[in-house]
Amino acid sequence: MNVPPLTPVPVLQGEPSPGRGSIPTPALVGGLFSRRQIRSITDGFTRLVIKTGGISIILCILGMCVFLVKEVIPLFLPPQATPVESITLSPLERPATPALAGIDEHQELAYVLRGDLLDFVFLAEETSAISRIPQQGLLPGGSVTALARAFGKGHSLAMGTDDGRVIPVAIDFVQDFQGDERSITPSVTVGTPILAAPSPQAISRLAYQSTDSEVRYAALLRDQHLWLNTVRTVSRPDGTVSASTAQVDLTPDISGRVTAVALASRAELLAVGTEEGQVYHFDLRDETKPVLTETTQSSERGQAITALAYLMGDRSLVVGDAAGQVVVWMPVREHAATNVTHMTPIHRLASHQNAVTDITISQRDKGFITTDSTGEIRLHHSTSEQTLLTLTPQQGAFRNTYFSPKADGLVSVTEHDRLIRYHIANPYPEITLATLFFPVMYEGYERPELVWQSSSGSDDFEAKFSLTPLIFGTIKGTVYAVLLAVPLAVLAAIYTSMFMHPDYRAKIKPTIEIMAALPTVVLGFLAGLWFAPVLERNFPAMTGMVLVTPFAIALSAGLFLVLPASLRHRIRPGVEALLMMPVIIAVVWGCLETNAWWDALLFDGHYKSWLEKTLGLNYDQRNAIVVGVAMGFAIIPIIYSISEEALTNVPKNLIAGSLALGATRWQTLLYLVLISASPGIFSALMIGIGRAVGETMIVLMATGNTPIMDWSLFNGFRTLSANIAVEIPEAPHGGTLYRTLFLAGLLLFVATFLLNTIAELIRQRLREKYSQF
């Protein structure tokens with residue numbers, strides 16, 4: 001058979017061959033080059049977006065940190081005092097006349113009472129103007145030998161005369177607004193004179209207080225007799241007013257020469273200091289029968305008591321002596337079971353070099369001002385036990401000093417009739433590192449305590465800003481949540497990764513991860529309003545579950561192992577643990593049905609009484625157990641998901657090699673998988689702990705929010721984050737509470753940052769150590 005020869009097919013130059021391996025045309029090359037350009041531009045843009053996003057996040061975090069620091073720094077700035085140009089008053093004929101100075105809350109109008117002459121100094125004008133009201137003086141006859149001020153009652157004064165009279169003087173500042181301008185007009189009311197004693201004598205010292213219904217004063221006469229006078233007024237139905245006067249001589253109860261007298265703001269307490277350094281404490285609630293409750297040796301070296309003053313609230317007494325010592329005394333209970341108290345020296349402030357001559361209290365907090373015989377002024381704060389300012393105007397001795405109503409200034413009158421004034425910037429006197437983090441002796445407490453209590457129903461409340469109970473509460477809530485969540489989450493991750501059938505794993509793992517999407521406010525709502533009452537009703541049954549469930553599971557597993565192999569092989573591998581579900585459900589149902597039996601068996605029929613009598617524990621409905629369960633439920637999905645991914649990502653060839661060498665699955669898990677996955681599991685634990693530390697809504701709704709320091713499972717606590725959520729709506733902008741809450745936020749920020757940094761360092765070490773696996 002003859003085969004015809006093949007005829008060659010001509011191929012035109014520049015055209016692609018129809019066969020395989022043909023050379024691309026220029027158009028195709030251009031298309032490929034354009035595609036590479038697009039891909040390169042897209043990759044570059046993506047890198048830029050990612051880098052910009054990362055840098056933006058870092059900048060936002062740094063900005064938050066800077067803002068927090070900016071809000072916190074003012075808490076620790078030292079106070080400042082700015083002197084204002086002094087004003088020369090008109091000289092008096094009798095330079096030794098007693099004097100009192102005062103100023104309105106806006107520091108625009110000051111007054112000086114020298115003897116019976118009252119001068120008003122208008123400070124708001126460019127040139128201070130002095131006006132005398134009335135022109136003839138306040139006293140129609142006689143001379144003033146003593147002056148006193150009623151603290152806490154506005155500007156209520158009293159004059160003691162050389163003929164034994166006490167004359168009340170009330171000064172009021174009336175404000176008027178004309179457009180945007182404010183004007184202040186003073187008014188003076190002189191009360192009816194009252195005889196201090198049956199036999200008229202010159203009054204050498206005077207303590208004075210007034211209330212809405214009575215006036216009370218203690219007058220020391222020239223013969224060293226101390227008389228207590230109470231004038232009570234009663235309004236009758238017909239519109240008339242009747243007055244009754246009670247006079248009591250306190251001299252028989254006092255030994256020694258009286259050198260200082262002070263009345264509390266409610267006129268229920270009287271302190272009398274003597275030349276021998278003793279202080280006599282009187283209870284004046286029965287004005288006809290004053291009771292000497294206690295006598296204290298207030299000066300250790302027997303120095304004379306030269307100044308006394310009750311701080312705002314009438315619980316603390318400031319004592320100054322001739323040696324310059326300044327000590328704050330408080331009533332302290334002897335025993336917790338009794339209400340018997342004794343005055344005890346609590347706070348010792350910086351001493352003067354000379355005798356203390358005057359003590360002026362703050363009307364806003366526990367601060368006060370002391371002056372000495374050489375004109376040195378010191379600003380103290382009782383709660384923080386610190387001397388904030390020391391001023392030496394070099395103007396000679398002061399006759400009187402007054403702390404402005406807003407505690408932002410002071411005014412003094414010197415022995416040379418000059419009015420000295422200071423502006424004071426001291427907005428946070430109660431804040432120090434000691435008051436924030438260490439025990440402090442507060443009024444009404446038996447020992448130094450760590451207390452958070454930012455507000456009260458009383459204006460004379462002593463604020464307590466200790467952050468330690470809040471830090472403790474944060475740690476307590478985190479520990480109990482982690483104790484529940486970590487074992488459950490990690491063990492669940494181990495089971496689903498190593499032992500569960502893949503089909504079930506594909507369904508269960510997403511279901512658990514969906515739990516992370518539940519709002520914490522919902523979890524807190526359910527924990528506080530549903531789970532807490534259920535736990536309270538069924539606490540004995542819950543205790544029974546904790547005891548019985550492990551034994552029931554162990555018994556079920558043992559019975560499963562003794563089943564014939566033919567029965568065990570019928571069960572699909574990887575789902576054996578699901579057989580435990582009916583057992584667990586049966587145990588839970590059985591314990592709930594036998595709640596009363598468990599109560600009788602474990603707690604003698606009433607678990608709350610048993611806990612209190614046996615363990616000294618009180619059961620609160622919203623307690624640490626409730627929070628631990630709810631917060632543990634919130635962090636279980638996070639820990640589980642990350643741990644399961646770390647375990648699953650262990651190379652399968654390593655697991656297969658271990659099993660091929662004869663190791664069991666448990667041996668492979670313990671000696672290979674857990675070691676290889678340890679960096680990821682550790683990261684999961686740290687992320688879960690960080691989540692628990694910052695949790696707000698669950699602890700806010702599921703605890704009693706009581707800032708106490710107790711590891712008991714059966715009471716509540718308060719965390720830093722929950723405290724911020726509770727307190728910030730009521731915190732005045734720029735106030736002490738406001739900035740202290742920002743300090744709490746800064747502590748959370750720093751704690752989370754340090755926790756994550758340390759966790760990352762440890763994770764990297766673990767990764768490097770076990771990378772060979």
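Numbers at a glance
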| item | result |
| --- | --- |
| Residue match in the range 239-254 (condition: outside any strand (DSSP E or B), open to solvent by 20 Å² or more (accessible area, probe 1.4 Å) and under 16 Å from Ala150 (Cα atoms)) | no |
| Residues satisfying the stated conditions in the range 180-232, i.e. assigned to a strand (DSSP E or B) and surrounded by fewer than 12 Cβ atoms within 10 Å (Cβ to Cβ) | Glu181, Thr185, Ser187, Thr189 |
| Matching option when the condition is open to solvent by less than 50 Å² (accessible area, probe 1.4 Å) and farther than 28 Å from Trp610 by Cβ, among Ala506, Ala557 | Ala557 |
| Among (1) assigned to a loop (DSSP other than H, G, I, E, B); (2) out of contact with any Lys or Arg (no Cβ under 9 Å at 6 or more places or on another chain) - the single one Glu443 does not satisfy | (2) |
| Residue list for the range 383-426, filter: outside any strand (DSSP E or B), under 14 Å from Ser362 (Cβ atoms) and open to solvent by 20 Å² or more (accessible area, probe 1.4 Å) | Pro405, Lys406, Asp408, Asn426 |
| Any pair with Cβ under 9 angstrom, 6 or more apart, that starts in the range 152-174 at a residue that is closer than 18 Å to Asp119 by Cβ and ends at one that is among the charged types (D, E, K, R) and open to solvent by less than 10 Å² (accessible area, probe 1.4 Å) | His155/Asp104; Phe173/Asp104 |
| Of residues in the range 316-328 being under 23 Å from Leu226 (Cβ atoms) and in contact (Cβ under 8 Å) with a residue 40 or more places away in the chain, the one surrounded by the most Cβ atoms within 10 Å (Cβ to Cβ) | Gly320 |
| Residue, surrounded by the fewest Cβ atoms within 10 Å (Cβ to Cβ), within the range 448-468, restricted to residues that are part of a loop (DSSP other than H, G, I, E, B) and at pLDDT 90 or above | Pro448 |
| Criterion: over 22 Å from Ala624 (Cα atoms), surrounded by fewer than 17 Cβ atoms within 10 Å (Cβ to Cβ) and either touching a His at 6+ places or on another chain (Cβ under 6 Å) or not small (Gly, Ala, Ser) (or both) - qualifying residue of Ile514, Ile494 | Ile514 |
| Near pairs, Cβ below 9 angstrom, 6+ apart or cross-chain, from the range 429-442 (over 18 Å from Gly367 (Cα atoms) and of a type outside the set (Phe, Trp, Tyr)) to any residue that is part of a strand (DSSP E or B) and open to solvent by 20 Å² or more (accessible area, probe 1.4 Å) | Pro439/Glu449 |
| Selection within the range 255-279 - touching a Gly at 6+ places or on another chain (Cβ under 8 Å), farther than 21 Å from Val215 by Cβ and open to solvent by 10 Å² or more (accessible area, probe 1.4 Å) | Thr259, Glu275, Glu276, Gln278 |
| Selected residue (only one of Leu555, Leu578, Leu559 is assigned to a helix (DSSP H, G or I), touching a residue at least 60 places away in the same chain (Cβ under 8 Å) and farther than 26 Å from Gly524 by Cα) | Leu578 |
| Residue tally, condition at pLDDT below 85 and either touching a Pro at 6+ places or on another chain (Cβ under 6 Å) or in a strand (DSSP E or B) (or both), over the range 123-160 | 4 |
| Candidate set: the range 301-311, residues that are in a loop (DSSP other than H, G, I, E, B) and open to solvent by 30 Å² or more (accessible area, probe 1.4 Å); chosen: the one modelled with the highest pLDDT | Gln303 |
| Residue match in the range 331-349 (condition: open to solvent by less than 30 Å² (accessible area, probe 1.4 Å), in contact (Cβ under 8 Å) with a residue 40 or more places away in the chain and in a loop (DSSP other than H, G, I, E, B)) | no |
| Exclusive hit being assigned to a helix (DSSP H, G or I), touching a residue at least 60 places away in the same chain (Cβ under 8 Å) and open to solvent by 60 Å² or more (accessible area, probe 1.4 Å), set Phe531, Phe472, Phe525 | Phe525 |
| Any hit, the range 500-510, residues being of a type in the set (Asp, Glu) and either under 30 Å from Ile655 (Cα atoms) or more than 33 Å from the chain's Cα centre (by Cα) (or both) | yes |
| In the range 431-449, the residues that are closer than 17 Å to Pro707 by Cβ and acidic (Asp, Glu) | Glu449 |
| Residue list for the range 654-670, restricted to those being without any contact (Cβ under 8 Å) to a residue 60 or more places away in the chain, within 16 Å of Tyr495 (Cβ to Cβ) and either hydrophobic (A, V, I, L, M, F, W, C) or touching a strand residue (DSSP E or B) at 6+ places or on another chain (Cβ under 8 Å) (or both) | Ile655, Trp666, Leu670 |
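Here is a yes/no grid of residues against (1) open to solvent by less than 20 Å² (accessible area, probe 1.4 Å); (2) in contact (Cβ under 8 Å) with a residue 40 or more places away in the chain:
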residue: Leu617; (1), (2): no, yes
residue: Ile625; (1), (2): no, yes
residue: Ile635; (1), (2): yes, yes
residue: Lys652; (1), (2): no, no
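The values are calculated or read from the model by the stated rules, or taken from the named source; none is laboratory data. Note that the structure is a prediction, hence the values are computed from the model and not measured. Here Cβ is always computed from backbone atoms with ideal geometry, including for glycine, and neighbour counts include all displayed protein chains. Just the protein is used for accessible areas: all its heavy atoms, side chains included, with ligands, DNA and RNA removed. Shrake-Rupley method; radii C 1.70, N 1.55, O 1.52, S 1.80 Å.
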